[in-house]
1. Round to the nearest 0.05 the FRET efficiency obtained for Val169 and Asn203 when R0 = 35 Å and r is the Cβ-Cβ distance.
2. Using only the Cα atoms of the stretch 143-198, construct the convex hull and provide its projected area averaged over every direction, in square nanometres to one decimal.
3. Using label points projected 7 Å from each Cα along Cα→Cβ, tell me how many nm separate Gln148 and Phe118, to one decimal.
4. Report, in degrees rounded to the nearest 10, the 0 to 90 angle that the Cα long axis of helix 204-213 makes with the longest principal axis of the chain.
5. I'd like the Karplus ³J(HN,Hα) series for the stretch 112-127: coefficients 6.51, -1.76, 1.60, θ = phi - 60°, whole numbers in Hz, and an x wherever there's a Gly or Pro.
6. Which whole-angstrom value gives the distance between the alpha carbon centres of the stretch 39-68 and the stretch 94-172?
7. Any chance you could give the angle, 0 to 90 degrees and rounded to 10, that helix 146-160 forms with the longest Cα principal axis of the chain?
8. Determine ³J(HN,Hα), in whole Hz, for all residues of the stretch 168-174 in sequence, where each value follows from phi through the Karplus function 6.51 cos²θ - 1.76 cosθ + 1.60 and θ = phi - 60°; x replaces Gly and Pro.
Amino acid sequence: MIHSKKQGSLIIISGTTCAGKGTVVQELLKRNENLCLSVSYTSRAPRDGEQEGKDYYFVSKENFEKKIAANDFLEYAYVHNSNYYGTPKKEVKDLLNDGKDVILEIEVQGAQLVKQLFPETILIFVMAPSMTEIKKRIIARGQESKEQMIKRFQTAYQEINEIPKYNYVVINDEVSKAVSKIEAILISEKCRVDRIEEIAVENQEEIIHEFLMDKDFDNSNSFQIKG
Ligand code: 5GP
């Protein structure tokens, strides 16, 4: 009866460093078949355990710049003053046209660029429970120089100032709770009136005729059609 847009939703999940976005996103993907993640390109080196094509497409700075020149990115940013990160344009458009809901796990500058291009994008910011917790997690990850870790920590403060540009904020104190909150957001977004393309209701005269022909209806005291 209500036909909503067939095109999938574009969802941005940003958050401070070490907010646990990656874990939250993986859990969302496991629990929701129609959701998929756009894999970004980056010029940073892979961390231990990261896989090509799953976590990122890892390319050199030169190759990244060639892709910028070829207009291959929906958006890209130079993050933490050290590396490029970019969202591949064609893959995202194809997935949306297939009706998939696509998650972009990107930082705040990129999020704003995408919002300008696609104003219907749903922007969700995931927060760690505290800055002390972020510091602990950065140190525990321990795969960067002290200078890089401090840059990451400083960027977290700048990113928090950007929260008003998002539609939703979710605190990740417990992964399953954070995931449930995001699922609730996505369900509500699907019910938005501005996602409706058509409201097709049955013909009024036909239904009234059915009423009039209905014997049980004639005997009912609750409602009568006169004239
Ligand atoms: P990390 O090095 O920890 O994997 O990512 C650093 C930051 O870059 C994170 O905030 C992550 O969300 C962001 N990021 C990852 N991919 C992209 C992308 O394609 N575009 C933009 N703008 N940011 C990205």
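1. 0.15
2. Details: hull surface 24.5 nm².
For the Cα atoms of the stretch 143-198, the hull's average projected area reads 6.1 nm².
3. For Gln148 paired with Phe118, the spin-label model returns 3.0 nm.
4. Once rounded, one gets 40 degrees.
5. 5, 4, 5, 4, 5, 6, 10, x, 7, 4, 9, 9, 10, 10, 9, 10
6. Taking the Cα centre of each part, the stretch 39-68 and the stretch 94-172 sit 18 Å apart.
7. 30
8. Here the 3J(HN,Hα) series is 9, 10, 10, 8, 9, 8, 9 Hz.
The values are calculated or read from the model by the stated rules, or taken from the named source; none is laboratory data. Being a predicted model, the structure only gives us computed values, none of them experimental. Note that we place each Cβ from the backbone using ideal geometry, even for glycine, and neighbour counts take in every protein chain shown. Heavy atoms of the whole protein, side chains included, go into the accessibility calculation; ligands, DNA and RNA do not. Shrake-Rupley method; radii C 1.70, N 1.55, O 1.52, S 1.80 Å.
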